[in-house]
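Since the structure comes first, as structure tokens, the remarks are kept for the end.
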Amino acid sequence: APLPGSAEEEGRLVPNLFKWSADGQYVAHLAPQGTGGDAKGSAAHTLPNALIKIYSLPSMQLLDSKSLRAQGVMDFQWSPADNTLAYWAAEDGNTPARVSLVAIPSRADLRQKNLFSVTDCQLTWQPKGDFLAVKVVRHTKSKKTHFNNLELFRVREDLVPVETLDIKEPVTGLAWEPGGKATRFALITAEGPRPSVSFYDMGPKPGDESGQGQGGSGKAKSGAKLAAALSSGTAANSECKLLKTLGNRQCSGVYWSPVGGHCVIAGLPISNVNDYSGSLEFYDVDALPERGVEMDHYRANFVEWDPSGRMVCTAVTQPLEGMVYKFQMDNGYKLWTFQGDVFVEKQVEKFYSFSWRPRPESLLDEQATKAVVKNLRKFERKFERADREEKRKRELLGMVEMQRQRTDLRERLAARKARNYDGIRAEKAAARYGFDVDDDANYIIETKVRELVVSKKEEVVAVL
């Protein structure tokens, strides 16, 4: 039976899958108490899972021959950048729910945040592993009313400060901005059928020379203020800034460009959840306008950016299982520029999936990338010169090819004339009673020279 008030009871079943670490050195899954050599336990615990089993690669041996003890653990996620594991455990008796960050393989506790009256938690890492957002669904004592808040962990900072962001409406989605310097995230909240999309900025990261996040200026907290915030269990909320709220949107998800700066706010049709029909809003998060470029792709159920962030694909696909799909006539895909212009549109009756070719990571490190951006104008001039030279080469090759084709045509015409005209010259002369019209001796040829002054210019030259 599911735990009362747990994610399973609320309908969000979390499958117990093997999950890989970022570098592929470890793989882990949840396990109940008393399995695989961890027989120590207490009957007082009522939650099913109490261990996280972590295996080392390539031997697939249990790390340090023992599991990571986490009584009541409900779900865990690896950091996408480091061997850091985040998990949340439900309340068990007098033990409060908690979110913990653990370094692997040392098993050192980086941070733990206790939570009370918790129904469910969802862990969402920022793509670079700099931040961890935990959506916490809490309940009142009667457990009839639920409310949300976000716990935001600053993983790169000393002592891993945590900020609490209270949200009035139910949170239906959260998406971090990708990119090396990205500190923003989009939050989807909905009380009714038309959600709101809010953009937040976490502010400057440690080592940020500008001392500013992407959403505005700000100052780093002093050590005394940070210690005071940590002693109370949360950091100053002023660190996380609300940039913009877009209300009354058809939104089932926010899809960020892989390079950041732009996103697509999409309203995709989901069975028994909404009545959206494929609305798209191409939004510039740097400019933060009131409305982005609004387009639509009827019945689109798929959105994916290409790895360069220049193009985005929307598609209407049908499931692989089943022979009949009632929206088959709408199947196909569209390619859009990041600004919302249609680039390619194609209908494909039996269309099942779409995938971009992977793009390898840049060979430039962060410092080299900064140098390129700083000297971008110089590189632009360099590449413009190279483009002009390449264009001249193409034009020269085109001219040479045209001359070759012209010479070839003239040779073929001359050969045809010799075969079809000169070959019957004697027969034509006989038909004209011996007069050959092609013989110059039968004509009086006069040569006249006509001179035409095209232009005239006088120039005075000084005599030394």
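The values are calculated or read from the model by the stated rules, or taken from the named source; none is laboratory data. In this text the structure is predicted, and so the values were computed from the model without any measurement. Counting neighbours? That spans all protein chains shown, and the Cβs are built from the backbone with ideal geometry, glycine included. Just the protein is used for accessible areas: all its heavy atoms, side chains included, with ligands, DNA and RNA removed. Shrake-Rupley method; radii C 1.70, N 1.55, O 1.52, S 1.80 Å.
Can you pull out the residues in region 348-372 that are part of a helix (DSSP H, G or I) and open to solvent by 100 Å² or more (accessible area, probe 1.4 Å)? First the steps, then the outcome.
So the first thing to find is which residues in region 348-372 are part of a helix (DSSP H, G or I), and the list is 366-372.
Passing the criteria: Glu366, Gln367.
Per-residue answers, yes or no, for (1) open to solvent by 20 Å² or more (accessible area, probe 1.4 Å); (2) under 14 Å from Leu30 (Cβ atoms); (3) not charged (D, E, K, R):
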residue: Ser59; (1), (2), (3): yes, no, yes
residue: Trp88; (1), (2), (3): no, yes, yes
residue: Val99; (1), (2), (3): no, no, yes
residue: Phe116; (1), (2), (3): yes, no, yes
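Could you grab me the full set of residues in region 148-178 that are assigned to a loop (DSSP other than H, G, I, E, B), of a type in the set (D, E, K, R) and within 19 Å of Leu85 (Cβ to Cβ)? Even if it seems obvious, please write down each step before you answer.
Taking region 148-178 and keeping what is assigned to a loop (DSSP other than H, G, I, E, B), we get 155-161, 168-170, 177-178.
If we keep only those that are of a type in the set (D, E, K, R) as well, we get 156-158, 168-169, 177.
Scanning region 148-178 gives Arg156, Glu157.
So in region 374-398, with the set limited to residues that are open to solvent by 100 Å² or more (accessible area, probe 1.4 Å) and either hydrophobic (A, V, I, L, M, F, W, C) or outside any helix (DSSP H, G or I) (or both), which one is farthest from Lys181 (Cα to Cα)?
Leu397
Could you say whether any residue in region 422-445 is in a helix (DSSP H, G or I) and either modelled with pLDDT of 90 or more or open to solvent by 100 Å² or more (accessible area, probe 1.4 Å) (or both)?
yes
Could you say whether any residue in region 123-133 is open to solvent by less than 20 Å² (accessible area, probe 1.4 Å), farther than 25 Å from Leu68 by Cα, of a type in the set (A, V, I, L, M) and out of contact with any Pro (no Cβ under 9 Å at 6 or more places or on another chain)?
Checked region 123-133: no residue is open to solvent by less than 20 Å² (accessible area, probe 1.4 Å), farther than 25 Å from Leu68 by Cα, of a type in the set (A, V, I, L, M) and out of contact with any Pro (no Cβ under 9 Å at 6 or more places or on another chain).
Could you please give the count of residues in region 256-276 that are part of a strand (DSSP E or B) and surrounded by fewer than 18 Cβ atoms within 10 Å (Cβ to Cβ)?
0
Filter region 150-173 down to residues that are farther than 14 Å from Gln122 by Cβ and in contact with a Phe, Trp or Tyr (Cβ under 7 Å, 6 or more places away or on another chain) and give me whichever is surrounded by the most Cβ atoms within 10 Å (Cβ to Cβ).
If we take residues in region 150-173 being farther than 14 Å from Gln122 by Cβ and in contact with a Phe, Trp or Tyr (Cβ under 7 Å, 6 or more places away or on another chain), then Arg154 is surrounded by the most Cβ atoms within 10 Å (Cβ to Cβ).
Just checking, which of Thr183, Thr140 is open to solvent by 30 Å² or more (accessible area, probe 1.4 Å) and among the β-branched types (Val, Ile, Thr)?
Thr140
Test of understanding: among Asn248, Asn237, Asn272, which residue is more than 24 Å from the chain's Cα centre (by Cα) and modelled with pLDDT of 90 or more? Spell out how you get there, then give the answer.
Working: Asn237 fails: modelled with pLDDT of 90 or more; Asn272 fails: modelled with pLDDT of 90 or more.
None of the others qualify; the one that does is Asn248.
So which residues in region 80-100 are over 18 Å from Tyr55 (Cα atoms) and either in contact with a helix residue (DSSP H, G or I) (Cβ under 9 Å, 6 or more places away or on another chain) or not in a loop (DSSP other than H, G, I, E, B) (or both), if there are any at all?
Listed by number, the residues that qualify are Trp88, Ala89, Asp92, Thr95, Ala97, Arg98, Val99, Ser100.
It is to be established whether one or more residues within region 3-16 are at pLDDT 90 or above, under 22 Å from Val99 (Cβ atoms), open to solvent by less than 60 Å² (accessible area, probe 1.4 Å) and not in a strand (DSSP E or B).
Step one: filter region 3-16 for residues at pLDDT 90 or above, giving none.
Within region 3-16, not a single residue is at pLDDT 90 or above, under 22 Å from Val99 (Cβ atoms), open to solvent by less than 60 Å² (accessible area, probe 1.4 Å) and not in a strand (DSSP E or B).
Show the residue pairs that are 6+ apart or on different chains and have beta-carbon atoms under 9 Å apart, the first residue being within region 252-276 and closer than 16 Å to Ala287 by Cα and of a type in the set (Phe, Trp, Tyr), the second being crowded, with 22+ Cβ neighbours inside 10 Å and modelled with pLDDT under 90.
Hits for this filter: Trp256/Ala182.
Glu345 fails exactly one of the following numbered conditions: (1) buried (at least 18 other Cβ atoms within 10 Å of the Cβ); (2) outside any loop (DSSP other than H, G, I, E, B); (3) of a type outside the set (A, V, I, L, M). What is the number of that condition?
(1)
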